[in-house]
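Some notes on the structure that comes next.
The values are calculated or read from the model by the stated rules, or taken from the named source; none is laboratory data. As the structure is a computational prediction, the values presented were derived from the model and not from experiment. As a convention, Cβ positions derive from the backbone with ideal geometry for all residues, glycine included, and neighbour counts pool all protein chains shown. Heavy atoms of the whole protein, side chains included, go into the accessibility calculation; ligands, DNA and RNA do not. Shrake-Rupley method; radii C 1.70, N 1.55, O 1.52, S 1.80 Å.
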Amino acid sequence: WNSTFFGPTKIAASLRAIAARFDQKIQDNAEKIIAKYTPKMQAIVDEYRPRLEGKRAMLFVGGLRPRHTIGAYEDLGLEIVGTGYEFAHNDDYDRTYEEMAKGTLIFDDASEIELETWAKEMKVDLVGSGVKEKYVFQKAGIPFRQMHSWD
């Protein structure tokens with residue numbers, strides 16, 4: 001079970017998975033929470049998805065974040081075409097493969113030059129990464145979302 005709280009689809013699935021370990025009352029309350037917040041989250045998705053539908057993104061955010069944030073991007077209509085880790089273990093990759101579409105590039109400890117090359121070759125519309133990669137993509141003219149801190 002892979003719980004994550006990024007994006008409406010994964011939030012609902014995680015709440016249901018957690019609630020399933022408890023009694024029916026907790027399961028019912030989880031459904032109430034999901035029902036309460038779904039319209040609010042759907043309003044946000046409805047606002048941004050038309051502009052993002054079909055766009056291509058690449059994520060390189062370290063730790064467990066690539067696999068945990070994929071669903072949030074997909075909820076907004078983005079296709080994740082590449083992702084990777086800087087300090088991952090084999091099980092991180094095994095669990096990430098489950099989240100990715102067949103043929104997605106998954107990389108390990110990529111250099112900035114490799115990331116820039118792949119982003120251009122895959123014609124990505126957005127990169128989500130850390131502060132070290134920020135200026136590489138800004139100079140390349142590729143929209144960038146910093147995922148480690150919110151500047």
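Taking 7 Å steps out from each Cα toward its Cβ at Asp46 and Asn29 produces label points 3.0 nm apart. 3J(HN,Hα) couplings calculated from phi for the stretch 32-46 with the Karplus curve 6.51 cos²θ - 1.76 cosθ + 1.60 (θ = phi - 60°) are, in sequence order, 5, 5, 4, 5, 5, 9, 4, x, 5, 5, 5, 4, 5, 4, 4 Hz; Gly and Pro show x. In order along the stretch 95-100, the phi-based Karplus estimate (6.51 cos²θ - 1.76 cosθ + 1.60, θ = phi - 60°) of 3J(HN,Hα) comes to 6, 6, 3, 4, 8, 9 Hz; Gly and Pro are listed as x.
The GluC sites (Glu not before Pro) of the stretch 1-60 that meet both conditions, a loop assignment by DSSP and at most 14 other Cβ atoms within 10 Å of the site Cβ, are Glu53. Note on the chain: Rg/Rh from C-alpha atoms, Kirkwood Rh, equals 1.01.
The 3J(HN,Hα) values that the Karplus relation (6.51, -1.76, 1.60; θ = phi - 60°) gives for the stretch 105-111 are, in residue order, 6, 10, 10, 10, 6, 6, 7 Hz. Gly and Pro appear as x. Residues Tyr93, Tyr85, Tyr48 ordered from highest to lowest accessible area at a 1.4 Å probe: Tyr48, Tyr93, Tyr85.
What a 1.4 Å probe finds exposed on the chain is 56% carbon and sulfur by accessible area, rounded to a whole percent. In this structure the amide hydrogen of Leu59, modeled in the peptide plane, comes within under 5 Å of the amide hydrogens of Gly82, Thr83, Gly84, Gly128, none closer than 5 places in sequence on its chain.
For the pair Phe107 and Thr9 in one chain, pulling the backbone fully straight at 0.36 nm per residue adds 32.7 nm over the alpha carbon distance.
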